[in-house]
Amino acid sequence: MSGLDDVIAAETALSEVDGLNGRLVICGHELQTLAGQCSWEAVLSLLLAGLSDMSEANIRARLAPARIEVFHQLAHLDGDLLRLSNTEGLRALMARLPDGEDVDTAMLLAAAPAVFVPALVRRKAGFAAIPPSLEHGHAEDMLAMLRGAMPTPAETAALDAYLVTVSDHGLNASTFAARVVASTRAGYTSAVLAALGALKGPLHGGAPGPVLDMLDAVGKPERAREVLAADLAAGNRLMGFGHRIYRVRDPRADALKSALQHLGAAGGGNTERLALAETVEREALALLRQKKPDRPLETNVEFFTALLLEALGFPREAFTGVFAAGRVGGWLAHAHEQVAKGRLIRPQSRYIGPRAA
Ligand code: ACO
């Protein structure tokens, strides 16, 4: 009851999370047939199919100019904003976009995290922001804006695989927040801001940075068991493990591990880091089984997210923003679906406080 487990709060044609069998279906397609096989724009065209003519070509034709339009918001990046964390800076910049329930608003919002996250990384490090390009695909442009140099095709493919993998995932906390706000007809920007606020927490999209902190604390594979056991004994949760819905391994973990292996085979990534991560994963799963024999706690999406985004050169404080760059597709699709087919979401609470005499 306290976490609304098993409550069906919406009907959706966007994605299905099968927690018992470890399957994720997005718009009728198994995750494995999308991640590593197509671009984020292609998946966005599936998710936003109900909004307008959302063919992949049309998405590409609209998304690149939208990136250029939101880039102008960076004129408002002042010292106060640069002192915020990357996610808070992203939230502040996205709040400047106008509200609406139309395709133009949706495209600005879809474009925004991919522009703002790299710009914030660069400006906070004392470098100029790199403008977007009409010539690049979305993932390629995001990496080019981060580095000021073109990524390799393997790096672009790895980021696309990531953005696709996290593009939608049933009624997770941030998507639910987006649907609640969209149901009031406040507009897509308000819905996406609510979602971003929910994503930021460490129990949702804030976990991958702490996954790397955990790997750093372990340092060497032979220390994994000792460090993780001490962490658990101190009452901490192991970041990147456990999930509300999955009772088996999160299929997104394997999609991202495979993206990481492809990147490694193409000469990117860090094989030593991957070997350390594999030991940490094995030891963590063994310890969690010992600690909670009745509650299956498996690897979730955030564990390999951390390694993949690190290999692509994103600093850990930007990981949640990169997650938002993929998930914004799902948030917009759910906001649209809610507006088109849903009613005001207004559940009830049971009063357990004192009664007037
Ligand atoms: N490490 C240690 N113990 C854990 C973990 C973990 N990662 N996950 C759950 N548990 C334990 C809890 O302490 C709890 O024990 P208790 O009953 O003795 O109190 C039990 O397992 C059940 O935990 P709940 O919090 O009820 O499970 P819930 O379904 O609400 O939690 C969650 C899911 C929040 C993801 C949790 O597993 C967690 O905190 N994981 C670590 C953070 C993380 O990886 N977040 C990213 C999630 S993926 C995503 O949102 C994109």
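Laboratory data are not the source of any read-out in this text; all were calculated from the coordinates shown. A quick note: this is a predicted structure, and the numbers were derived from the prediction, not measured. Cβ placement follows ideal geometry from the backbone for every residue including glycine, while neighbour counts extend to all protein chains displayed.
Only loop residues by DSSP count here, and only those with at most 15 other Cβ atoms within 10 Å; note down the chymotrypsin sites (Phe, Trp or Tyr not before Pro) in region 310-356 that meet that.
Tyr351
Quick one: how many lysine pairs does the chain have with C-alpha atoms less than 27 Å apart and a gap of 8 or more or different chains? Give me the count, please.
8
Full-extension gain between Lys291 and Ala233, please, as 0.36 nm times their residue separation minus the C-alpha to C-alpha distance.
Roughly 19.9 nm would be gained on extension.
Does region 3-92 classify as rounded, prolate or oblate by the C-alpha gyration tensor (a ≥ b ≥ c root eigenvalues; a/c under 1.5 gives rounded; else a/b over b/c gives prolate, otherwise oblate)?
Oblate is the answer for region 3-92, as a/c is 1.5 or above yet b/c matches or exceeds a/b.
Under the rule of at least 5 residues apart or a separate chain, name every residue whose amide H is placed under 5 Å from the amide H of Phe241.
Asn300
About its Cα centre, what dipole magnitude does region 1-157 give when the only charges are +1 on Lys and Arg Cβ and -1 on Asp and Glu Cβ, stated in debye to the nearest 20?
820 debye
So, by mean Cβ neighbours within 10 angstrom, what's the order for 300-307, 340-347 with the highest one leading?
Per-residue Cβ counts within 10 Å, averaged per peptide and sorted highest first, yield 300-307, 340-347.
Quick one: order Leu134, Leu199 by neighbouring beta-carbon count within 10 Å, fewest to most.
Least to most surrounded, the residues fall as Leu134, Leu199.
Along the positive direction of the dipole of the chain (beta-carbon charges: Lys, Arg +1; Asp, Glu -1; about the Cα centre), which of Ala194, Ala129, Asn236 reaches farthest?
Checked the options; the winner is Asn236.
Report for the chain the percent antiparallel among DSSP-assigned beta bridges with both residues inside it, nearest 5.
The antiparallel proportion sits near 90 percent.
Which value, in debye to the nearest 20, gives the size of the charge dipole of the chain about its Cα centre, when Lys and Arg are +1 and Asp and Glu are -1 at the Cβ?
Dipole size: approximately 1040 debye.
Take the Cβ-Cβ distance between Arg185 and Asp104 as r, set R0 to 22 Å, and report the resulting FRET efficiency rounded to the nearest 0.05.
Here the calculated transfer efficiency is 0.80.
Please identify, among His169, His136, His336, the residue showing maximal mean-square fluctuation in a Gaussian network model of the chain using a 10 angstrom Cα cutoff.
Result for the chain, Cα springs under 10 Å: His136 fluctuates most.
Calculate one ³J(HN,Hα) per residue across region 26-38 by plugging θ = phi - 60° into the Karplus curve 6.51 cos²θ - 1.76 cosθ + 1.60, and present them in order as whole Hz with x for glycine and proline.
Per-residue couplings from phi come out as 10, 6, x, 10, 5, 3, 4, 8, 10, 5, x, 10, 8 Hz.
For region 205-306, give the magnitude of the charge dipole about the Cα centre (Cβ charges: +1 Lys/Arg, -1 Asp/Glu; no others), in debye to the nearest 20.
360 debye
Where in the chain are the DSSP H helices whose C-alpha atoms run 20 Å or more along the long axis and whose mean Kyte hydropathy is at least -0.5?
Sorted by number, the helices that extend far enough and score high enough are 56-71, 103-124, 251-265, 271-291, 319-341.
If I model a spin label at His76 and Arg350 as a point 7 Å from the Cα along the Cα→Cβ vector, what separation in nanometres do I get?
Placing both labels 7 Å along Cα→Cβ, they lie 4.4 nm apart.
Under a GNM of the chain (C-alpha, springs under 10 Å), which listed residue has the highest mean-square fluctuation: Asp80, Asp99, Asp160?
Between Asp80, Asp99, Asp160, it is Asp80 that shows the largest mean-square fluctuation.
Between Ala154 and Ile68, what is the label-point separation in nm under the 7 Å Cα-to-beta-carbon projection?
Computed distance between label sites Ile68 and Ala154 equals 3.3 nm.
Which one of Gly28, Phe303, Met214 is farthest out on the positive end of the charge dipole of the chain, using unit charges on Cβ (Lys, Arg +1; Asp, Glu -1) and the Cα centre as origin?
Checked the options; the winner is Met214.
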